[in-house]
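Read-outs throughout are calculated quantities, based only on the coordinates presented, and are distinct from any laboratory measurement. Predicted model only: the values in this text are computed from it and were never measured. Positions of Cβ are generated from backbone atoms using ideal geometry, with glycine treated the same way; all protein chains shown enter the neighbour counts.
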Amino acid sequence: MPFPIQNPRLLLTPRHLPFPPNPISLPPKPFLRPLSSAPSPSPQTLDAIPSSSPPPPPSSSSSILSIRESLLSRRTKAAELAAEYLDRLRRAEPRVRSFLHVSDAAMREAEDVDRRVERGEEVGPLAGVLVGVKDNICTADMPSTGGSRILEGYRPAFDATAVRRLREAGAIVIGKTNLDEFGMGSTTERSGFQVTTNPWDSSRVPGGSSGGSAAAVSSRQCVASLGSDTGGSVRQPASFCGVVGLKPTYGRVSRFGLMAYASSLDVIGCFGSSVVDAAIILSAIAGHDRLDATSSKHEVPDYASLLVSLDFLDSKPLKGLKIGVIQETLGDGVDGGVISSVRSAASHLEQLGALVTEVSLPSFSLGLPAYYILASSEASSNLSRYDGVRYGKQAAAEELSFLYGDSRANGLGHEVKMRILMGTYALSAGYYDAYYKRAQQSCR
């Protein structure tokens with residue numbers, strides 16, 4: 001049987017829970033301290049926390065660690081796990097529609113893991129773990145469409161570096177997940193193939209653009225998944241679907257094999273049912289890659305070992321850390337429930353020893369317009385390759401100019417065309433300084 005994830009909310013909608021919800025009661029005291037003109041003590045970084053920190057969380061808080069322990073102790077087999085997850089995937093798929101393609105090699109790979117365990121061979125830290133991969137991340141053995149009709153049936157000749165590292169760690173790629181076309185969207189309704197629904201409520205969206213990856217983990221169609229984040233495409237669907245979504249720092253994970261949308265913003269991230277699972281996946285995919293000049297050369301730690309078990313929270317593990325809450329993010333237009341959740345999270349951080357302080361970011365309101373100008377401008381350049389000649393389905397035409405135009409008109413969706421037009425306009429003569437250059441300056 002598959003291992004139950006720790007938060008029952010990820011398994012059932014509230015009305016189907018076998019017990020009533022039990023929300024955490026928090027003290028009513030304010031969590032934000034006023035800004036002060038007095039100099040603050042230097043904040044302590046994570047690296048500065050003493051090495052005598054409490055031990056990391058036990059395997060019971062991680063589906064991945066539980067799977068590994070059960071495989072190595074031979075209490076279960078990878079093939080049994082794969083069969084259970086594939087069965088659940090097929091049963092949930094007509095309603096959720098998380099996947100665009102399901103691997104036909106998953107069972108064979110799981111059986112190979114079992115044979116290696118039986119022979120006493122060493123297996124990777126992700127052996128037997130079934131992972132979904134967003135369909136704008138290249139896989140050599142499955143189609144990679146980017147959610148676009150123009151790349152329908154396209155099969156890359158290589159794995160993205162992040163996928164290759166997952167496989168080297170023993171993970172089994174169960175399939176390719178749905179997304180807004182080329183990552184342009186926030187609801188996963190802009191896919192060229194199908195609309196993904198929220199596993200909690202099929203009348204609601206799962207967020208986007210990595211909605212398929214988030215919904216797949218939330219509905220337990222896979223243990224973990226990869227997504228990409230350019231402007232919230234991992235973090236937002238994770239919140240919509242009730243799972244953990246992690247966008248690493250730019251350069252922490254190689255972008256090689258990720259279909260480029262906005263190269264200066266694109267990041268490969270991950271989803272899991274727990275913080276521990278997300279940390280384990282990040283450790284597997286992070287690190288320098290000679291195929292991506294922007295990837296960081298900093299050493300990759302064992303992120304899961306840096307986490308603190310719930311049994312040791314009384315030790316104030318965040319003591320000395322200073323955390324800022326941007327006051328502009330809690331202003332007009334923000335739902336009261338969201339503000340309440342932020343206050344609750346900040347209160348928890350204070351209870352763990354952190355100093356939570358309100359800060360102001362006057363340029364915050366420029367973030368969204370700057371993002372749209374910069375991302376659309378880069379997209380207009382990056383997506384020029386999908387012309388029916390270099391990449392993409394080719395339309396029948398007698399002249400080259402018509403071939404380009406018809407191939408893109410037929411193959412690209414409305415949202416993608418709109419952003420290409422916006423970006424081309426922002427980069428055009430006479431408007432570059434007025435739009436693109438000013439957007440860049442606002443980010444400095």
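Annotation: peptides 220-227, 191-198, 176-183, ranked by per-residue average of other Cβ atoms within 10 Å with the highest first, follow the order 176-183, 220-227, 191-198.
The residue list 260, 133, 442 was ranked by how far each Cα lies along the charge dipole of the chain toward its positive end, using unit charges on Cβ atoms, and 442 comes out on top. In this entry, the range 157-214 is assigned a mean projected area of 4.9 nm², taken as a quarter of its C-alpha convex hull surface.
On a 25 Å Cα-Cα criterion, which of the cross-link pairs 176/393; 77/297; 393/417 come out too long?
Numbers: 176/393 20 Å; 77/297 37 Å; 393/417 16 Å.
As for pairs spanning more than 25 Å Cα to Cα, those are 77/297.
In loop segments of the range 263-328 as defined by DSSP, the trypsin sites (Lys or Arg not before Pro) with at most 10 further C-beta atoms inside 10 Å of their C-beta are 290, 297. For the range 364-442, the Cβ-based charge dipole about the Cα centre amounts to some 240 debye (Lys, Arg positive; Asp, Glu negative; other atoms uncharged). Using 7 Å Cα-to-Cβ label points, what is the residue 328/residue 84 separation (nm, one decimal)? In this crude spin-label approximation the distance works out to 4.8 nm. Normalising by residue count, the range 364-442 has a Cα convex hull of 86 Å³ per residue.
Along the range 258-275 the Karplus relation, 6.51 cos²θ - 1.76 cosθ + 1.60 evaluated at θ = phi - 60°, assigns HN-Hα couplings of 8, 5, 5, 10, 10, 4, 7, 10, 5, 9, 8, x, 9, 10, x, 8, 8, 4 Hz to successive residues, with x for each Gly and Pro. In sequence order, the range 331-344 has phi-based couplings of x, 4, x, 8, 4, x, x, 5, 4, 4, 5, 5, 5, 5 Hz under the Karplus curve 6.51 cos²θ - 1.76 cosθ + 1.60, θ = phi - 60°, and Gly or Pro positions carry x. Along the axis of the charge dipole computed for the chain (Cβ charges of +1 for Lys and Arg, -1 for Asp and Glu, origin at the Cα centre), the listed residues 200, 344, 284 are led at the positive end by 344. Under a 5 Å amide H cut-off, with hydrogens placed 1.01 Å from N, residue 324 pairs with 357 among residues at least 5 apart or on other chains.
The structure-derived value of Rg and Dmax of the Cα atoms in Å appears in the list (i) 20.7, 65; (ii) 67.3, 204; (iii) 22.8, 73 under the label (iii). Over all other residues within a Cβ to Cβ distance under 15 Å of residue 400, the charged ones net out to -2, with Lys and Arg as +1 and Asp and Glu as -1.
Here's how it looks for residue 295: its modeled amide H is under 5 Å from those of 289, which are all 5 or more places away or on a different chain. For the pair residue 108 and residue 360, label points projected 7 Å from Cα toward Cβ lie 6.3 nm apart.
A rounded overall shape is assigned to the range 59-312, the ratio a/c of its alpha-carbon gyration tensor axes (a ≥ b ≥ c) being less than 1.5. Reported to the nearest whole Å, the Cα centre-to-centre distance from the range 400-416 to the range 270-297 is 35.
Quick one: putting +1 on the C-beta of Lys and Arg, -1 on the C-beta of Asp and Glu, what dipole do you get for the chain around its Cα centre, in Debye to the nearest 20? Could you put the intermediate results ahead of the total?
Values: 46 positive and 44 negative charges, 87 e Å.
The dipole of the chain has a size of about 420 debye.
Taking θ as phi - 60° and the Karplus parameters 6.51, -1.76 and 1.60, the scalar couplings of the range 308-316 work out to 10, 5, 4, 5, 10, 5, 5, 7, 6 Hz in sequence order, x denoting glycine and proline. Within straight-line reach of residue 437, meaning a Cα separation under 19 Å, sit the following aspartates and glutamates at least 8 residues removed in sequence or on another chain: 378. Summing +1 for each Lys or Arg and -1 for each Asp or Glu among the other residues whose beta-carbon sits under 13 angstrom from that of residue 161 gives +2.
Once you list every other residue whose beta carbon is under 13 Å from the beta carbon of residue 252, what net charge do they have if Lys and Arg are +1 and Asp and Glu are -1? All intermediate terms of the calculation are to be shown ahead of the outcome.
Details: positive: 165, 247, 255, 297; negative: 229, 266, 289, 292, 299.
Value of the local net charge: -1.
Simple spin-label estimate for residue 297 and residue 400 gives 4.2 nm between the two label positions (7 Å along the Cα-to-Cβ direction from each Cα).
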